[in-house]
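The next block holds one structure in the form of structure tokens; read it before the comments.
Since every read-out is calculated from the coordinates, none of them should be taken as a lab result. Only a predicted model underlies this, so the values are computations on that prediction, with no experimental measurement involved. Positions of Cβ are backbone-derived with ideal geometry, glycine not excepted, and every protein chain shown enters the neighbour counts.
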Ligand code: 5AD
Ligand code: SF4
């Protein structure tokens, strides 16, 4: 174990066998050490800034049926909504005036926002609000669509791989294929987006081998961002009889990911904050450096129910978040906050 940790800390890489050994034999003291090293590495690269993103959930319509997700197409108990261009521009404009410059636009896979409609929205936002970064999180699209959104001004794209094990992926995502997921991620990279991948912790039937596959997948893909969150059971989904993923495991994988991808932007995800009221502090102490705050209009927020009781801190409660960060010796940063290798 000592040898493996030394290699991880010095080279930021472990092969398949070493990762397997680490995951299967790790003890409490080692986990503490790994988290400490991850936190230090983050500080070395990104200093004491925690990058705040303003998240707008603009539609909860979805054509997909992911087994864990409350917004899945077959869930008839969802009150579906869609924001139009004016509503999107208004919401982002308010947060822009407040000082935010990094926006994440998230939705289910909603084909209402065609290539032209969404490109027009992105173009308008970039024109109106100088200096902002737009991150899309809208799921799988054709190369041509990703290309159009990039041309219109989108800067980044989040598309978690969810699990890198093909069999598990295809069981949990009816009608979808892992190959297509990877195609999307590669297209996004080749188009020049800053790309975010990531996985769920605690999916049914996850072996340590599958977690190794997740980590190796990330190391190979070299995404700019990685979202890691525990599964949270939603009662209106086929996974209703399973249990939540572990927050402890989530912090462990966050730390390992920081060590494998030192420069990655790593959010302390909403899911981890939902299950752990000290998620923010513990996430930062595991190498996390990004936090998303919610800017969705109040009336639509509760309709965006990936899982129940989602913790949604508002962008307008920045003071409270900033104070918690200050107590840890960090600063809430609301600028664009690009990946360190990125220059525009
Ligand atoms: N629990 C935790 N995360 C979830 N997501 C979807 N449903 C759930 C759930 N029940 C995550 C997926 C998706 C992201 C937008 O939300 O990983 O990529
Ligand atoms: Fe749709 Fe995303 Fe939920 Fe899957 S995880 S059902 S793509 S909103």
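Couple of notes before you dig in:
- Qualifying helices (runs of 4 or more DSSP H) (wholly inside region 277-344; at least 1 residues being touching a helix residue (DSSP H, G or I) at 6+ places or on another chain (Cβ under 7 Å) and surrounded by 12 or more Cβ atoms within 10 Å (Cβ to Cβ)): 279-284, 318-327
- All of 13, 65, 17 fail the test of being within 30 Å of residue 110 (Cα to Cα) and either assigned to a helix (DSSP H, G or I) or within 23 Å of the chain's Cα centre (by Cα) (or both), apart from 65.
- Residues that are part of a strand (DSSP E or B) and within 19 Å of residue 46 (Cβ to Cβ), drawn from region 225-276: 225, 226, 227, 228, 265, 267
- Selection within region 231-241 - near ligand 1 (Cβ under 9 Å from one of its atoms) and either out of contact with any helix residue (DSSP H, G or I) (no Cβ under 7 Å at 6 or more places or on another chain) or under 18 Å from residue 265 (Cα atoms) (or both): 231, 233, 234, 237, 239
- Some residue of region 135-158 being under 20 Å from the mean Cα position of the chain (by Cα) and more than 23 Å from residue 264 (Cβ to Cβ): yes
- Region 226-251 - residue that is away from ligand 2 (no atom under 16 Å from the Cβ) and buried (at least 23 other Cβ atoms within 10 Å of the Cβ) and, of those, farthest from residue 78 (Cα to Cα): 251
- Inter-residue pairs, beta-carbon under 8 Å, first under 22 Å from residue 310 (Cα atoms) and without any contact (Cβ under 8 Å) to a residue 12 or more places away in the chain and in region 238-264, second within 16 Å of ligand 1 (Cβ to nearest atom) and not in a helix (DSSP H, G or I), 6+ apart: 240/233; 240/234
- Pick from region 179-211, criterion farther than 12 Å from residue 163 by Cβ and surrounded by 19 or more Cβ atoms within 10 Å (Cβ to Cβ), ranking: nearest to the chain's Cα centre (by Cα): 196
- One residue from 72, 63 being loosely packed, with under 15 Cβ neighbours inside 10 Å, within 16 Å of ligand 2 (Cβ to nearest atom) and within 24 Å of residue 173 (Cβ to Cβ): 63
- Take the conditions (1) surrounded by 15 or more Cβ atoms within 10 Å (Cβ to Cβ); (2) without any contact (Cβ under 8 Å) to a residue 40 or more places away in the chain; (3) out of contact with any strand residue (DSSP E or B) (no Cβ under 6 Å at 6 or more places or on another chain); (4) closer than 27 Å to residue 136 by Cβ; residue 21 misses just one of them, which is (4).
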